[in-house]
Amino acid sequence: MAYYNFLGEEIPRPPSAPARALVALVRGYQKYLSPMKMGPSCRFYPVCSAYALEAVSRHGAIKGSLMATARVCKCGPWHPGGYDPVPGSAAPADPATDPATD
């Protein structure tokens, strides 16, 4: 089954069995636990579970888990949140910084 990130590009298949197990855990969280929340609560875009899914799929179980943990640790009133994509994912086209639009 293919998964897609917030930009609509396909997330690669996890590289190892531990990474696939972590992806299954994140998908379980997204499907069964996240809907129980009373509303959106993540201050980042993409949301933390989507970030974890893509980080583990792109970077493997160890590095992806560390990246996802660091992201969750940023969640709190001391951090403004905002756009924080997984390193290695495509950036959205921004006409202000795209050299092709000069």
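A few comments on the model shown:
This table checks each residue for (1) loosely packed, with under 12 Cβ neighbours inside 10 Å; (2) more than 14 Å from Pro87 (Cβ to Cβ); (3) out of contact with any helix residue (DSSP H, G or I) (no Cβ under 7 Å at 6 or more places or on another chain).
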| residue | (1), (2), (3) |
| --- | --- |
| Glu10 | yes, yes, yes |
| Gln30 | no, yes, no |
| Cys42 | no, yes, no |
| Ser57 | no, no, no |
| Gly64 | no, no, no |
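- When Ala61, Ala91, Ala68 are screened for being within 24 Å of Tyr4 (Cα to Cα) and modelled with pLDDT under 90, only Ala91 passes.
The values are calculated or read from the model by the stated rules, or taken from the named source; none is laboratory data. These numbers were taken from a predicted model, which means no experiment stands behind them. In this analysis, Cβ positions are derived from the backbone assuming ideal geometry, glycine residues included, and neighbour counts consider all displayed protein chains.
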